């Protein structure tokens with residue numbers, strides 16, 4: 001009987017130590033390990049472009065639209081288009097049929113311009129010109 005109460009006492013003490021070491025405060029939030037990225041298409045092609053992602057996004061000539069955004073948690077690698085997008089395919093209407101206007105598979109970082117909004121927030125813009133579409 002003495003062993004049971006001794007183990008119970010040790011278990012109770014160990015539980016108190018574990019729960020006290022798991023306290024949470026607002027200072028514990030690791031904002032440095034979080035990044036927000038937004039991916040934008042700037043349509044300078046003169047044609048209406050269509051992107052199919054979570055929904056259909058129509059990008060009119062001389063218009064810029066966000067095609068994707070993401071929050072990256074717990075990574076040390078900065079956000080980039082090659083991480084945020086696997087592939088990019090833009091379509092255009094050709095007499096009632098959708099045809100591929102632009103394709104980047106895999107997505108590379110080179111043609112995108114980056115705007116750092118803050119330490120943890122970036123906007124990446126890809127300008128599509130008439131020379132780039134098929």
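A few notes on this one:
- Only one of the listed residues (42, 105, 94) is exposed (fewer than 14 other Cβ atoms within 10 Å of the Cβ), within 29 Å of residue 134 (Cα to Cα), within 19 Å of the chain's Cα centre (by Cα) and modelled with pLDDT of 85 or more. That residue is 105.
- Complete set of residues in region 45-63 that are in a strand (DSSP E or B) and surrounded by 14 or more Cβ atoms within 10 Å (Cβ to Cβ): 49, 50, 51, 57, 59
- Exactly one residue out of 127, 69 is assigned to a strand (DSSP E or B) and under 14 Å from the mean Cα position of the chain (by Cα): that is 69.
The values are calculated or read from the model by the stated rules, or taken from the named source; none is laboratory data. Given the structure is predicted, the values throughout are model-derived calculations rather than measurements. Note that we place each Cβ from the backbone using ideal geometry, even for glycine, and neighbour counts take in every protein chain shown.
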